[in-house]
Structure formats: structure tokens, C-alpha cells
1. Residues of the stretch 52-75 being among the small types (Gly, Ala, Ser), part of a helix (DSSP H, G or I) and without any contact (Cβ under 8 Å) to a residue 24 or more places away in the chain, which ones?
2. If a residue has to be more than 26 Å from residue 144 (Cβ to Cβ) and either free of Cβ contacts under 8 Å to residues at least 12 places away in the same chain or surrounded by fewer than 15 Cβ atoms within 10 Å (Cβ to Cβ) (or both) to count, how many in the stretch 280-304 make the cut?
3. Is it the case, given these coordinates, that residue 195 is open to solvent by less than 60 Å² (accessible area, probe 1.4 Å), of a type in the set (A, V, I, L, M, F, W, C) and over 23 Å from residue 107 (Cβ atoms)?
4. Pairs needed: first member in the stretch 173-188, within 15 Å of residue 216 (Cα to Cα) and modelled with pLDDT under 90; second member anywhere, surrounded by 16 or more Cβ atoms within 10 Å (Cβ to Cβ) and of a type in the set (Lys, Arg); C-beta distance under 6 Å; at least 6 residues apart or different chains.
5. Conditions: (1) at pLDDT 85 or above; (2) within 19 Å of residue 144 (Cβ to Cβ); (3) surrounded by 15 or more Cβ atoms within 10 Å (Cβ to Cβ). Residue 310 meets all but one. Number of the miss?
6. Hey, any hits in the stretch 163-170 for a residue that's in contact with a Cys (Cβ under 7 Å, 6 or more places away or on another chain) and among the charged types (D, E, K, R)?
7. Take the stretch 141-165 and flag every residue that is under 16 Å from residue 205 (Cα atoms) and open to solvent by 60 Å² or more (accessible area, probe 1.4 Å).
8. I'd like the full set of residues that are at pLDDT 90 or above and hydrophobic (A, V, I, L, M, F, W, C), limited to the stretch 79-114.
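The values are calculated or read from the model by the stated rules, or taken from the named source; none is laboratory data. Small disclaimer: the values here were computed from a predicted structure and weren't measured. All Cβ positions, even for glycine, are placed from backbone atoms using ideal geometry, and neighbour counts span all protein chains on display. Side chains are part of the model used for accessible areas, which takes the heavy atoms of the whole protein and leaves out ligands, DNA and RNA. Shrake-Rupley method; radii C 1.70, N 1.55, O 1.52, S 1.80 Å.
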Amino acid sequence: MPGPVAFPIGFVSLHTGLSTHVIRAWERRYHAVAPQRSANGRRLFSQSDIDRLVLLRRVIQNGHSISHIAGLDRAQLVELAEPTTPPAIQPNEPTHADSKMPAGIAPTEIVSHSLEAVAMLDGKALQGILRQAAATFSRQALIDTIFCPLMEQVGRRWSDGSLRIVHGQMASVVIHAQLIGLLSHPTGDAAEKPCLLIAAPAGQCCYLGALAVAVTAQDHGWEPVFLGFNLPAEEIAAACSIPGAEMIALSITCRVDDAFMQDELIRLSDLLNNGFPLVVGGRASHNYRRSIEAAGGENCSTAAELVSRLE
């Protein structure tokens, strides 16, 4: 990309597959990159910085340590990044779905193999595929390029009749376990962090999106507190008394009753007195953008928008 274009760290994280914590650590501890700073002190990365981070990630995937390669020039990194023969996926009990999984597979192919496992109701195969993906991709990339597209595909196939409700339930259970696993291994240090309250409001019974938000928040220096799903406005507002709570994030994934959802958002706004930061996301949230904004909130329909708000 020509010209002195500068990118914020959230953008760099999404395009390199590295968490913001890792990028900061590589800069501070190993001087792997040297981003500029904006007037208010925020890191601004060039395209060459992004290219270098991608290259460093590839070299590390080949078995090298960041402490040993951070000072190498581009030519040396390119040489080390030459593909080796990584171990292929070795699930405990290979099945039709996961026996086809080669190493270095692209996210779209992982989704395709995952759909095969879902279609066969093979939860063990799906777990193996997603575990291998988690060892290869960053947490955010795992959510954006595998979990979300997979569940969207499952939803489409349920709509056209090629999958049943049971297939969607099985896939949800496996991904739920994967997200809980990510949350149980937080990134970053143990310093005191601002608290993000996360919930699926009344009428919303799907909460995978809320758990995904929790992982993203954790990666960007927040302490996520998942309150639950199908929660009335009064219960969400009551949680604001949690020490350190600084923002509420709601996940709206299903469009069921517009009038009811609009009333819930208005009631939450009244209970908060428009004084508590509120962000609302999820694939159905754009249908309520006006109500969200009227409630003093912000509609974050993409991961990049959420990251920008968290920073």
C-alpha cells in the first residue's frame, strides 16, 4: 500500500492474526516493530510493520522463538519462513470428516470440514477440527474466520432444510465449549482491568455471540463478565453496580419481536439514565440501530468496530 498510511493496533490485530497483547509485547520486550505514535499516544503501524508481523508469525509457526528472530532483517525472516513439514492433525479416532484435514489448511476449508462433521452429528470430529484450528489461528481470527462463518452456514442449511435443529444444537454445544476454553486461558497480565458487562437481552436465547465478545474484550485489556441470556433490562441495569464496571455490551442475534426489543432498549436506557456506555452487536442488531442510538448506545456490527470502541 503506497503512501504513509498508519493503522491502529486493532486493525493490525485483525489483519495479522496476532492479539493486541502479543503485538505490544513484541514491541516492548523484543523491539520487533517500531510503530509511530499519534498525538494522544496511540500506536500507529505502517504497512511494512504489518508485513513484518505477518512474517514473524510465519517464522514462529515453523518452531522459532520470538526472542531469537525479532532482530532479524526481512531477508533472514523470509528464509526462515520457508514452509517445513508440520505435523498433520492426529485426532484420537479419525473419522470421515477429520481424516481429510491436512496441515496448513485455509479457514474456508476448515469450515467445510466442520460442516461435514456437523452433518454427520460427529461432535468428536468437530471438536478435533476446532482444537487444531485453535492451535494455528489467533483467538480473534478463530472467531471471525471459523466460528462465525460455520454457524452462519449451519443456519442457512437449517433454513433450506438440509440440516435439522439437532445439527445446529450440536454445533452450538461444541463451539460453546471452545469459547469457554478460550476464556479460561486469558491473555495479558493480571493487573486490574476495566469490567465489561456482557449479556443477551430479553428475548435472546442464543449467546455464542456474547461469549465471542467476551474473548475479544479479554484480548483488549478488559475483564469480561458474562451475565447470561434472555435477561430483562432491570437485571442488566442492576449489574452496573459491579465494582469496576465501565461498559455494557449486548448481543442481539435473532429478530423475533421488534416492538418488544425496542421497548427493552428504551427501558434499559431509562434505568441507566443514559449515563452508562452501551454497545450493541450481533447479526440482528442493525435492525434496531435507531433504538440503540436513541438509548444513548452505539451499534457495533463488526469485530473491528467493537475493537475500536474497546480501545
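1. Pass one, the stretch 52-75, residues among the small types (Gly, Ala, Ser): 63, 65, 67, 70-71, 75.
Narrowing the set further to residues that are part of a helix (DSSP H, G or I) leaves 67, 75.
Across the stretch 52-75, the qualifying residue is only 75.
2. Residues of the stretch 280-304 more than 26 Å from residue 144 (Cβ to Cβ): 290-291, 294-296.
Add one more test, that the residue is either free of Cβ contacts under 8 Å to residues at least 12 places away in the same chain or surrounded by fewer than 15 Cβ atoms within 10 Å (Cβ to Cβ) (or both), and what stays is 290, 294.
The qualifying residues number 2.
3. Details: open to solvent by less than 60 Å² (accessible area, probe 1.4 Å): yes; of a type in the set (A, V, I, L, M, F, W, C): yes; over 23 Å from residue 107 (Cβ atoms): yes.
For residue 195, the condition - open to solvent by less than 60 Å² (accessible area, probe 1.4 Å), of a type in the set (A, V, I, L, M, F, W, C) and over 23 Å from residue 107 (Cβ atoms) - is met.
4. Cβ pairs passing all conditions: 182/139.
5. (1)
6. To start, the set of residues in the stretch 163-170 that are in contact with a Cys (Cβ under 7 Å, 6 or more places away or on another chain) comprises none.
No, there is no match, as no residue in the stretch 163-170 is in contact with a Cys (Cβ under 7 Å, 6 or more places away or on another chain) and among the charged types (D, E, K, R).
7. Here is the first cut: in the stretch 141-165, the ones under 16 Å from residue 205 (Cα atoms) are 151, 155, 165.
Result: 165, single match.
8. Matches in the stretch 79-114: 110, 111.
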